[in-house]
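Below is one structure, written out as structure tokens, with a few remarks after it.
The values are calculated or read from the model by the stated rules, or taken from the named source; none is laboratory data. What you see is a predicted model, and the numbers here were worked out from it, not measured in a lab. Note: ideal-geometry Cβ built from the backbone for every residue, glycine included; neighbour counts use all protein chains shown.
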């Protein structure tokens, strides 16, 4: 039985992943490899002759990239507007320094240009780049160079990502907070205050006639008349001495004070007839529907004072559309509460359910997009390949949110599972494949070729780090995502994302990766053309 287990096709995959996770938990100097430990386990297993099913390489890569695209898609446009130019400026010298170092090494070490092209694409872990190098050279030396440099490139990028933040003493927790604050710049922090109506112009006028929200930018969530507290409605009429509770930004609440009257510490407590509660959007049937479409409006004595999305609170309007996982602060009559809960869901266990239909539809679309030929003047047609196609598919679908009954959203739990499972399978197969070829490469070319590959990997990353950190003062987590994207390194992104729970590395990676992939293909053909 034991021999049967050892010969099972899945044994190698399971063994490498399990040992890799154990290695990843070991800390040296406060640094651990986490999921990158799977790569080291795979290298050792592959070198000793253990095999893993090749199909899990593509499957793992597809799941990991799809989860990353779905996570980073919603924030991608904002990130590109804020950092896009800087990201691309950093990417260009990363690629050019890589090709420059490759040219110098090939020139002074008198390497065959076909071998040099392979080293360049392997150091930048670009399989599409290798295909371009083979097409340009027609030589098997390109594949040999790629085989030598690829495991070195993967390892060096991972070690760079894990060690450099420690070496530079970068506070990644502070960087995550900064990224969150930067992401919420368009949504000022919301507060609430109570005010006494002392403006005679309000007397006898309704909320609709006053145009309160248009004039102040705030929302009234409660009104107290004499000893009775009510939820506001468009026909609520105000009198002197009424109390109101307003929700909005600091600037908006200052306008309320000038328009209404002074602030007060007097409480506005609801009776049993009204309630104010947070409700979770977990009902997929109503995702991407607006507050107006769901009748969550003051006309129905329902006031949504704020929406909390990805940790950011913002003040909603009738046209704002809901996303899976949003939390709404709702003021309503107690008789309406059950209906609102049924409409929105408010079930955490429901949110954790994974609908696999959009996952497989998205993967299928990515496969199609990745195989579409794009003509480039003076060069053979270009394809984004599996990684690029699935990344584009996931980003587009995450922004589309919904198509008919299909909701293009993943809960945080589902996204985490897909990402971790995909990365584990990908690293296990990559490691064993690289480990199995390592002995032959060393026999033919010696250990020096690994050193050359390490130089081609490190110089571009150091160049990008210096420019991003000391010239552009970029957020460290965003910068790590830019560097891994510029190096087209999926395992590197896994290492960077493992450092934080925020999406900064993923968003930056998704922004840079397509440009870097095209750049590597063009530069690989350029090196190959020097032979």
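Taking residue 319 and the conditions (1) over 21 Å from residue 230 (Cβ atoms); (2) in contact (Cβ under 8 Å) with a residue 60 or more places away in the chain; (3) surrounded by fewer than 14 Cβ atoms within 10 Å (Cβ to Cβ); (4) in contact with a strand residue (DSSP E or B) (Cβ under 7 Å, 6 or more places away or on another chain), which numbered condition does it fall short on, given that it satisfies the others?
So the condition that residue 319 fails would be (2).
Rundown of residues vs (1) crowded, with 18+ Cβ neighbours inside 10 Å; (2) over 19 Å from the mean Cα position of the chain (by Cα), yes/no style:
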| residue | (1), (2) |
| --- | --- |
| 392 | yes, no |
| 413 | no, no |
| 417 | no, no |
| 457 | yes, yes |
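Restrict the check to segment 227-247 and report whether at least one residue is within 30 Å of residue 504 (Cα to Cα) and outside any helix (DSSP H, G or I).
Among the residues of segment 227-247, at least one is within 30 Å of residue 504 (Cα to Cα) and outside any helix (DSSP H, G or I), which makes the answer yes.
Regarding segment 4-17, can at least one residue be identified that is farther than 18 Å from residue 489 by Cα, assigned to a helix (DSSP H, G or I), free of Cβ contacts under 8 Å to residues at least 60 places away in the same chain and assigned by TED's automatic domain parsing to the domain that holds residue 169?
No, there is no match, as no residue in segment 4-17 is farther than 18 Å from residue 489 by Cα, assigned to a helix (DSSP H, G or I), free of Cβ contacts under 8 Å to residues at least 60 places away in the same chain and assigned by TED's automatic domain parsing to the domain that holds residue 169.
How many of the residues making up segment 189-206 are part of a helix (DSSP H, G or I) and surrounded by fewer than 14 Cβ atoms within 10 Å (Cβ to Cβ)?
Residues that pass the stated criteria total 2.
Need the failing condition index for residue 70 against (1) buried (at least 24 other Cβ atoms within 10 Å of the Cβ); (2) within 17 Å of residue 518 (Cα to Cα), just the number.
Evaluating residue 70 over (1) buried (at least 24 other Cβ atoms within 10 Å of the Cβ); (2) within 17 Å of residue 518 (Cα to Cα) leaves (2) as the failure.
Tell me, yes or no, whether segment 28-35 has at least one residue that is part of a helix (DSSP H, G or I), modelled with pLDDT under 90 and buried (at least 19 other Cβ atoms within 10 Å of the Cβ).
yes
So if I check each of 212, 238, which one is under 41 Å from the mean Cα position of the chain (by Cα) and modelled with pLDDT of 85 or more?
Values: 238 fails: under 41 Å from the mean Cα position of the chain (by Cα).
Sole residue among the options that is under 41 Å from the mean Cα position of the chain (by Cα) and modelled with pLDDT of 85 or more: 212.
Return yes or no: is residue 483 in contact with a helix residue (DSSP H, G or I) (Cβ under 8 Å, 6 or more places away or on another chain), in the same structural domain as residue 146 (by TED's automatic domain parsing) and outside any helix (DSSP H, G or I)?
no
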